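Comments concern the structure below.
The values are calculated or read from the model by the stated rules, or taken from the named source; none is laboratory data. Not measured: the values here are computed from a predicted model. No Cβ is skipped: glycine too gets one built from the backbone with ideal geometry, and neighbour counts run over all protein chains shown. Quick note on the areas: whole protein, heavy atoms, side chains included, nothing else; ligands and nucleic acids left out. Shrake-Rupley method; radii C 1.70, N 1.55, O 1.52, S 1.80 Å.
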Amino acid sequence: YTSGTTGNPKGVMVEHRGVVNTMTSLNEVYDFSKGNKVTAFTSYVFDVSVSEFLVVLFKGGELDILNEEVRNDAFLISQYIIDHDISYVYLPPVLLSILPRIKYKRLYGIIYAGEVCAKNTGIYWSDCYKLYNYYGPTECSIYACGKQMIHGDTHLIGSPISNTKAYVLSSDLVPLPIGGIGELYIGGV
């Protein structure tokens, strides 16, 4: 299901090949030589859960599904990361902003999506760990663009994932030059 940012959450059908393409594109994010324990933060009915669950399971990692109590408390999430030697987490920026800023010995990467991350939050976490921003409407099989954040460049959504193209077009559907203001159109698998 979509996040409902339009005020109207809806179910979206996606093709298996789109999901497989997204999983393949995320392979570079999850370097299991650094650790293979990954948390599942989102509910299984939210689109991000598809990437959270399947990337880890396809790669043979350990998937730790956070319960409701842990998901709703930044201090419990922090303690879980420490107690279970978690290597990768997906956290929405609102939780990332209040996650205790301590040293997580085994944590290697953090992924966020769905909303803009505050610059100061992005600076802190991208300077301490690999921080990734992934963007895309549900209809694009979860993500369409992504990038590793470097020193808090949270205003960027990154480059298209594998087998995907992104276009900024005018109201007449004409491609705009770099810096042009228009609508984002996404194509590909």
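General observations
- Where R17 falls short, out of the listed (1) open to solvent by 90 Å² or more (accessible area, probe 1.4 Å); (2) part of a loop (DSSP other than H, G, I, E, B): (2)
- Count - residues of the range 149-159 that are of a type outside the set (A, V, I, L, M) and open to solvent by 60 Å² or more (accessible area, probe 1.4 Å): 3
- Count of the range 96-111 residues which are free of Cβ contacts under 8 Å to residues at least 24 places away in the same chain and not in a loop (DSSP other than H, G, I, E, B): 1
- Residues satisfying the stated conditions in the range 140-161, i.e. part of a loop (DSSP other than H, G, I, E, B) and within 20 Å of K130 (Cα to Cα): Y143, A144, I150, H151, G152, D153, T154, H155, L156, I157, G158, I161
- Which numbered condition D83 fails, given (1) crowded, with 23+ Cβ neighbours inside 10 Å; (2) free of Cβ contacts under 8 Å to residues at least 24 places away in the same chain: (1)
- Residue match in the range 70-77 (condition: in contact with a strand residue (DSSP E or B) (Cβ under 8 Å, 6 or more places away or on another chain), modelled with pLDDT of 95 or more, open to solvent by less than 50 Å² (accessible area, probe 1.4 Å) and of a type in the set (A, V, I, L, M)): yes
- Odd one out for V45 among (1) of a type in the set (A, V, I, L, M, F, W, C); (2) open to solvent by 50 Å² or more (accessible area, probe 1.4 Å); (3) closer than 18 Å to Y108 by Cβ; (4) touching a Phe, Trp or Tyr at 6+ places or on another chain (Cβ under 6 Å): (3)
- Options K34, K10, K59: the member that is of a type outside the set (F, W, Y), surrounded by fewer than 14 Cβ atoms within 10 Å (Cβ to Cβ) and without any contact (Cβ under 8 Å) to a residue 40 or more places away in the chain: K10
- Among residues of the range 163-189 that are within 27 Å of T24 (Cα to Cα) and touching a residue at least 24 places away in the same chain (Cβ under 8 Å), those with a beta-carbon under 7 Å from a residue that is surrounded by 14 or more Cβ atoms within 10 Å (Cβ to Cβ) and aliphatic (A, V, I, L, M) at least six positions away or on a different chain give the pairs N163/V189; T164/A144; T164/I186; T164/V189; I186/A144; I186/A166.
- Evaluated against (1) crowded, with 16+ Cβ neighbours inside 10 Å; (2) more than 23 Å from G146 (Cα to Cα), Y108 falls short on exactly one condition, (2).
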